[in-house]
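Chemist: Take this structure first; my questions come after.
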């Protein structure tokens, strides 16, 4: 399995945003929607061996985590508006302490970044995508791997500390800074070329 965990520092945690204003009123949710597309879509298909977690930390109810499993997801289209509608529908669900299914392959919970890391660390190798890491082309990335990335802001100091406590491999994709969704595309291309 290839997993991506994307932290959205300002992304809305309720479904009361307008689909026409996902960059502003939804706290740059547009960035995370592009990450979904990069993680799951192929030309004329979906990556069935991929999963993405969006850890939403914006107002009014942080945290919220949306998990989308490529092997189960249905009704996902490559345009941001329809993907935004699926995320909004997930955020409108009434939550208890357990993760619930919003639609096929899309799940929502109150899990924090720390809880997501706790759940994934025992079953997957954690890889932190960071500009000052080791060159990705020189690293072994076989097996079940989870890549951690932030939105348009770096991980906060406390978030990075939580991640580093789990001894992730820290890698860079090259000498240039990329958008979060581009990092996902580049990373998947690197993995595809190795298979």
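Chemist: Which strands (runs of 3 or more DSSP E) sit wholly inside region 84-195 and have at least 3 residues that are out of contact with any helix residue (DSSP H, G or I) (no Cβ under 8 Å at 6 or more places or on another chain) and more than 16 Å from residue 62 (Cα to Cα)? Break it down stepwise before answering.
Modeler: Numbers: elements: 100-103, 106-109, 125-135, 145-150, 169-172.
Per the criteria, 125-135.
Chemist: A further question follows. So which residues in region 13-29 are part of a helix (DSSP H, G or I) and surrounded by 20 or more Cβ atoms within 10 Å (Cβ to Cβ)? Step through it out loud before you land on a result.
Modeler: Keep residues of region 13-29 that are part of a helix (DSSP H, G or I), which gives 19-21, 29.
Residue satisfying the conditions is 29 alone.
Chemist: Also, I was wondering about something else. Touching a strand residue (DSSP E or B) at 6+ places or on another chain (Cβ under 7 Å) and more than 22 Å from residue 37 (Cβ to Cβ): is that true of residue 99 in this structure? Spell out how you get there, then give the answer.
Modeler: Details: touching a strand residue (DSSP E or B) at 6+ places or on another chain (Cβ under 7 Å): yes; more than 22 Å from residue 37 (Cβ to Cβ): yes.
Judged against the criteria, residue 99 is a match.
Chemist: Give the number of residues within region 83-101 that are closer than 19 Å to residue 6 by Cβ and free of Cβ contacts under 8 Å to residues at least 24 places away in the same chain.
Modeler: 1
Quick grid of which residues meet (1) within 16 Å of residue 181 (Cβ to Cβ); (2) surrounded by 14 or more Cβ atoms within 10 Å (Cβ to Cβ); (3) under 14 Å from the mean Cα position of the chain (by Cα):
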site	(1), (2), (3)
69	no, yes, yes
87	yes, yes, yes
130	no, yes, no
134	no, no, no
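Chemist: Collect the residues in region 23-41 that are touching a helix residue (DSSP H, G or I) at 6+ places or on another chain (Cβ under 7 Å) and farther than 17 Å from residue 192 by Cβ, keeping them in residue-number order.
Modeler: Those that are touching a helix residue (DSSP H, G or I) at 6+ places or on another chain (Cβ under 7 Å) and farther than 17 Å from residue 192 by Cβ: 23, 29, 30, 31, 33, 34, 35, 36.
No value in this document is a laboratory result; all are computed from the given coordinates. Keep in mind it's a predicted model, so treat the numbers as computed, not measured. No Cβ is skipped: glycine too gets one built from the backbone with ideal geometry, and neighbour counts run over all protein chains shown.
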